[in-house]
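Reading through the structure tokens given below for one structure.
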Amino acid sequence: MEPFDTVIKRINEPYIVGFSSYMWNIEYNLKLASMIKTAWPDCIIVFGGPSIPDDTEYLEKYDFIDILMHGEGEITFYSLLVGLLNNSKLSSLSNISYRKNGELYKTHKRPYDDLINLPSPYTMGLFDHIIKNEKYKNIQFDTVLETNRGCPYGCIYCCWASKGKLRKFPIERVLGDLEWMAKNKISYCFCADSNFGILKRDELIVQVATDLHKKYSYPEKIYMTTTKNQTDLSFKINSILNNNRMLKSVAVSTQSMSSEVLKIIGRNNMSIKQFSEELKKYREAGMHTHTDLMLGLPGESIESFSKGLFDVIEAGQHNYVFVFCCELLPNTPLYSKETINKYGIKTIKSHLCQHHTKVSTDATYKSRSEIIVETNTMSKDDWKKALRLSVCVQCFHYFGLLRYIAIYLRKAKNISYRDFYTSLFDWINNSSVLAKNILNKVCASIDIFLEGKGDLGFYDESISDIYWEFPEGLYILYVMNLEGFFDEIREFCKAFFDKEGVFEDVFNFQKEMIVLPDKAEKTITVSYDWFDYFDNLYDKTYTLPKVKKMSINMCSPKTSSWNEFLQIVVSRGKHGDGTIYKKADIKKLSES
């Protein structure tokens, strides 16, 4: 974001200034609006956007705001401008709140507008001056594509839930946006629909996107949140993207595995059997998936959350699980005082920690998060423990640090993932030295955050100048201390084995398969065919590895510098098993 003084210097005697406010810019907007009002007291300050509650709260708190817009802003802001131009009474306009003679007023609600007449900012040329600016010629641009609005479902934590029925943008506008992106070499397109794939026309949209990709090589990747009910169409859409190498990852999400929690939050999930079958379908088609879980949902306990975390692995999710902290967002059912009181919800407001962005010490540029840290079914201490446990599971299993060992124990010894990883978590906290110190270092900001003072993310200036997700930070520090970590954890892992030869072999294989920022090639020797064993992870009859002595000559690593390692392996690699070597990475494999 630009410095405030730079923005102020560009403004000249403004009549009205509007602010579209989201969680990532609300604090910046408030500070800038206050400065504008001080410099030009007669300027009309208007605030709208998802972060503005559907009441007069912001008028009560901020005397420099004159008018609030509620809900979608395109037609409302246009109507406001026309009304001011014609000297209309504000009371005659819909979807606004305003201040008059010290009193606060809220006007009548207007139903959501038809989207057919809303022009596209892309094809209107509003961004052309940025795209064509020479100083940005080496910048990779990302865009947001919106093909429809609304959501037919009612998850209480989501602002989409309050937007009613699904409304479509004209197909001509959508396809025009995609063509603009392709011609202007937009690398990444994020589709902001709540349920892409819910409409039959969505297949056409994806087909046009891939045709444009073939012609212009852009967009390179498209990511969308596909609908959870139209699974056949979603699969077809993702297959089209995958066949054209435009797919990043498929979300097969649950938010919670507890039926009681799902009932409370208004989400009707697929059964665990359906979830497992869905994962299998994408896996067999060669598509990478990820699953989203939320920590802090009403009705969730540490027991149900932990069970759900491991149920997801048992169901076959070995690609990646994201664990998001549940936030209170304005204009959601969860935000209401009634819901907050009913479920004993307690939150902490902190700066919004945007991972992979540069750390700023200037709080005036930071926005806010309001994160649920306690409910009447999960104490604050349990929330903290659940978060630390999930960080460990993400690091050890999904980043692959101990995944092979955990899989072997599950297949050969019938030791559940929950038993192995909770034992590991307890060992780290109670018996280890190096592993515990690193975990505490990475998670130190959690305690500071719970005191209302810090950001919920990991930062170490000796590594980089950006925020990392906790599992990423833990993985980075363990990799930086890989020899010491494996030396220390050896005895813990060995206790699960009754055959020392098997243990030494799989333990060595696990360690050597971890990608490091190193140019040197290496050769390892194993006594079992671990590649074949783990390739057949889902074959329940294949419980023991085949005896086969093998010499493995590793390729040059995927990265040649620490910065490349952080970007390619840690930040992006988790979406495609990039943190561990696979058979395809092997230069030479000799058997005897």
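The values are calculated or read from the model by the stated rules, or taken from the named source; none is laboratory data. Worth saying up front: this structure is predicted, and the values here are computed from it rather than measured. Every residue, glycine among them, receives a Cβ derived from its backbone with ideal geometry; neighbour counts consider all protein chains shown. Surface areas here come from the heavy atoms of the whole protein model, side chains and all, with no ligands, DNA or RNA. Shrake-Rupley method; radii C 1.70, N 1.55, O 1.52, S 1.80 Å.
Heavy atoms only, probe 1.4 Å: what % of the accessible area of the chain goes to carbon and sulfur, would you let me know? Don't jump to the answer; show the numbers that get you there.
Details: 13880 of 27750 Å².
Of the solvent-accessible surface of the chain, carbon and sulfur hold 50 percent.
The share of Cα pairs per 10 Å bin across segment 1-154, counted from zero up to the longest distance, runs 9, 33, 36, 19, 3, 0 percent. Only Cα sites of segment 282-321 enter the Debye sum here, all with the same form factor; the resulting log10 I(q)/I(0) across q = 0.16, 0.22, 0.32, 0.35 1/Å is -0.46, -0.72, -1.11, -1.21, listed in q order.
Which of the three applies to segment 1-68, rounded, prolate or oblate, going by the alpha-carbon gyration tensor with a ≥ b ≥ c and a/c under 1.5 meaning rounded? Kindly include the intermediate steps, with their values, before the conclusion.
Details: a/c = 2.11, a/b = 1.34, b/c = 1.57.
In terms of gyration-tensor shape, oblate.
For LYS215, the aspartates and glutamates whose Cα comes closer than 14 Å to its Cα, not counting residues fewer than 8 places off in the same chain, are GLU179.
Over every pair of different alpha-carbon atoms in segment 97-180, take the mean of 1/r and invert it; report that Kirkwood radius in Å. Each step should come with its number before you reach the end.
Numbers: mean 1/r = 0.0610 Å⁻¹.
Answer for segment 97-180: a Kirkwood hydrodynamic radius of 16.4 Å.
For the peptides 504-512, 432-440, 543-551, residues were scored by their other Cβ atoms within 10 Å and the scores averaged per peptide; the highest-first order is 504-512, 432-440, 543-551. Given axes a ≥ b ≥ c from the Cα gyration tensor, I'd like to know whether segment 153-201 is rounded (a/c under 1.5), prolate (a/b larger than b/c) or oblate. Here segment 153-201 falls in the prolate category. If you take the alpha carbon atoms of segment 493-592 and fit the smallest convex hull around them, that volume is 113 Å³ per residue. With coordinates expressed along the principal axes, the C-alpha atoms belonging to segment 307-363 extend over 39, 38, 17 Å, beginning with the largest. Students often get this wrong, so try it: which of [x] 0.99; [y] 1.07; [z] 1.17 is Rg/Rh (Cα atoms, Kirkwood Rh) as calculated from the structure shown? Step by step, Rg/Rh (Cα atoms, Kirkwood Rh) for this structure corresponds to label [x]. At an R0 of 30 angstrom, the distance between the Cβ atoms of ASN117 and ILE240 translates into a FRET efficiency of 0.50. Both numbers refer to the Cα atoms of segment 303-441; Rg and Dmax are 17.7, 55 Å. Both radii are taken from the alpha-carbon atoms of segment 245-294; with Rh as the Kirkwood radius, Rg/Rh is 1.04.
Given R₀ = 51 Å, what would the calculated FRET efficiency be for PHE492 paired with THR38, taking r from the Cβ atoms and rounding to 0.05?
Numbers: r = 61 Å, r/R0 = 1.19.
According to the calculation, E is roughly 0.25.
Placing pseudo-labels 7 Å out from each Cα toward the beta carbon at ILE463 and ASN437 gives an inter-label distance of 1.6 nm. Take the cross-link list LYS281/LYS494; LYS411/LYS522; LYS135/LYS183; LYS411/LYS436; LYS137/LYS200; LYS342/LYS385 and give me the ones stretching past 26 Å between alpha-carbons. Listed pairs above 26 Å: LYS281/LYS494; LYS411/LYS522; LYS411/LYS436; LYS137/LYS200. Between the alpha-carbon centres of segment 456-507 and segment 216-237 there is a gap of 35 Å.
Computing FRET efficiency as 1/(1 + (r/R0)^6) for LYS583 and GLN207, where r is the C-beta to C-beta distance and R0 is 45 Å, gives about 0.85.
Need one number for segment 67-219: average projected area of the convex hull over its C-alpha atoms, nm².
Numbers: hull surface 48.8 nm².
Orientation-averaged projected area of the Cα hull: 12.2 nm².
For segment 226-371, the orientation-averaged shadow of the C-alpha convex hull comes to 10.8 nm² (one quarter of the hull surface).
For TYR22 and LEU537, the difference between the fully extended length at 0.36 nm per residue and the C-alpha to C-alpha distance is 181.1 nm. Can you work out the PRE-style zone for ASP5? Point 7 Å along Cα to Cβ, and I want the residues of segment 346-361 with backbone N under 19 Å. Those under the cut-off are 361. With the simple model of a label 7 Å out from the Cα in the direction of the Cβ, ALA520 to GLU500 spans 2.8 nm. When +1 charges are put on Lys and Arg Cβ atoms and -1 charges on Asp and Glu Cβ atoms, the dipole computed for segment 228-294 relative to its Cα centre reaches about 120 debye.
Centroid-to-centroid, using Cα positions, segment 295-311 and segment 113-159 are 35 Å apart.
By the Cα gyration tensor, segment 209-266 has an equivalent ellipsoid whose semi-axes, rounded to whole angstrom, run 31, 11, 8 from largest to smallest.
Note that segment 370-476 carries a Kirkwood radius of 15.0 Å, evaluated over its alpha carbons pair by pair.
Treating each Cα of segment 177-279 as an identical point scatterer and ignoring solvent, apply the Debye formula and state log10 I(q)/I(0) at q = 0.11, 0.20 Å⁻¹. Once normalised to I(0) and log-transformed, intensities are -0.38, -0.97.
Shape index of segment 187-231: Rg/Rh, with Rg the Cα radius of gyration and Rh the Kirkwood radius from the inverse mean 1/r over Cα pairs, equals 1.00.
What number, rounded to the nearest 500 deg cm²/dmol, is the helix-based mean residue ellipticity at 222 nm of the chain, given -39500 (n - 2.57) per DSSP H run of at least four residues and division by all its residues?
Numbers: 21 runs with 221 residues, N = 592.
It lands at -11000 deg cm²/dmol.
Highest mean packing comes first when the peptides 254-266, 287-299, 90-102 are listed by Cβ atoms within 10 Å, giving 287-299, 254-266, 90-102. Available extension along the chain between GLU146 and ARG418 is 93.9 nm, counting 0.36 nm per residue and deducting the alpha carbon span.
For the cross-link pairs LYS248/LYS546; LYS236/LYS307; LYS109/LYS228; LYS546/LYS582, the ones whose C-alpha atoms lie over 22 Å apart are LYS248/LYS546; LYS236/LYS307; LYS109/LYS228.
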